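Visitor: My questions will all concern the structure given below.
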Amino acid sequence: MTIQVEVVRMPHVNGSSRLFGGQLMAWIDSCAAVEARRHCKKRVVTANVDNLEFYQSAGLNEIVRLEARLTWTGRTSMEVRVDSFVEPLTSEERLINRAFLVFVALDEEGKPSPVPAFVPRTEEEKTEWAEAEERRQIRLERRLK
């Protein structure tokens, strides 16, 4: 798992002092890419942002913690789930976003390159793998239309 922590600062917020969705998306992409690179030990490129759900907002000076974990691998691609939490000073953390991103590993020439297989071991990992397979099928169906 890859964990990234950010503090919401003035350049990150809108006129209501709430975190821009696009800023959170950039942090998510960065955190997920690190997780994918760590798994395949190669350069990666974002191929798809499959699901991005905003549950709540984050405010100025709040701490945002992003947790990325691998959920699935194919021949050259990997799916990474990123959960984003706010760690407020006065209450319990809250989940503000969940995203699924697909990355493709690249060789030295920038061509897709095989990745090591991810073998789910726990029940949670097996469930996530099955759900990732369903998302992959939907992506393939959309791409062929």
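The values are calculated or read from the model by the stated rules, or taken from the named source; none is laboratory data. Only a predicted model underlies this, so the values are computations on that prediction, with no experimental measurement involved. Using ideal geometry, Cβ is built from the backbone for each residue, glycine included, and neighbour counts are taken over all protein chains shown. Only protein heavy atoms, including side chains, enter the accessible area calculation; ligands, DNA and RNA are left aside. Shrake-Rupley method; radii C 1.70, N 1.55, O 1.52, S 1.80 Å.
Table: residues versus (1) β-branched (Val, Ile, Thr); (2) under 28 Å from Gly21 (Cβ atoms); (3) touching a residue at least 60 places away in the same chain (Cβ under 8 Å).
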residue: Leu95; (1), (2), (3): no, yes, no
residue: Arg98; (1), (2), (3): no, yes, no
residue: Leu101; (1), (2), (3): no, yes, yes
residue: Val104; (1), (2), (3): yes, yes, yes
residue: Glu109; (1), (2), (3): no, no, no
residue: Pro114; (1), (2), (3): no, no, no
residue: Glu125; (1), (2), (3): no, no, no
residue: Ala132; (1), (2), (3): no, yes, yes
residue: Arg136; (1), (2), (3): no, yes, yes
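Visitor: Okay, next question. Within region 67-76, take every residue that is open to solvent by 20 Å² or more (accessible area, probe 1.4 Å) and out of contact with any Pro (no Cβ under 8 Å at 6 or more places or on another chain) and give me the one that is farthest from Trp129 (Cα to Cα).
Guide: It comes out as Glu67.
Visitor: Now a separate question. Considering only region 2-17, state which residues are among the aliphatic types (A, V, I, L, M) and buried (at least 18 other Cβ atoms within 10 Å of the Cβ).
Guide: Val8, Val13 - these are the residues of region 2-17 that are among the aliphatic types (A, V, I, L, M) and buried (at least 18 other Cβ atoms within 10 Å of the Cβ).
Visitor: Additional query: Just the residues that are out of contact with any Asp or Glu (no Cβ under 9 Å at 6 or more places or on another chain) and surrounded by fewer than 17 Cβ atoms within 10 Å (Cβ to Cβ), please, taken from region 44-63.
Guide: Listed by number, the residues that qualify are Val45, Ala47, Asn51, Leu52, Glu53, Phe54, Tyr55, Gln56, Gly59, Leu60, Asn61.
Visitor: Could I ask something else about it? Can you tell me which of Ile96, Ile138 is of a type outside the set (Gly, Ala, Ser) and surrounded by 15 or more Cβ atoms within 10 Å (Cβ to Cβ)?
Guide: Answer to the check: Ile96.
Visitor: Among the numbered criteria (1) touching a residue at least 24 places away in the same chain (Cβ under 8 Å); (2) part of a loop (DSSP other than H, G, I, E, B), which one does Gly15 miss?
Guide: With (1) touching a residue at least 24 places away in the same chain (Cβ under 8 Å); (2) part of a loop (DSSP other than H, G, I, E, B) applied to Gly15, the lone miss is (1).
Visitor: Within region 18-35, is there a residue that is assigned to a loop (DSSP other than H, G, I, E, B), touching a residue at least 24 places away in the same chain (Cβ under 8 Å) and open to solvent by 30 Å² or more (accessible area, probe 1.4 Å)?
Guide: no
Visitor: For a quick check of your reading of the model, give me the residue pairs whose first member lies in region 49-65 and is in contact (Cβ under 8 Å) with a residue 60 or more places away in the chain, whose second is assigned to a loop (DSSP other than H, G, I, E, B) and acidic (Asp, Glu), with beta-carbon atoms closer than 9 Å and at least 6 apart or on different chains.
Guide: From residues that are in contact (Cβ under 8 Å) with a residue 60 or more places away in the chain, the pairs are Arg65/Glu93.
Rundown of residues vs (1) part of a loop (DSSP other than H, G, I, E, B); (2) open to solvent by less than 20 Å² (accessible area, probe 1.4 Å), yes/no style:
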residue	(1), (2)
Arg65	no, no
Val86	no, yes
Glu92	yes, no
Pro114	yes, no
Lys126	no, no
Glu134	no, no
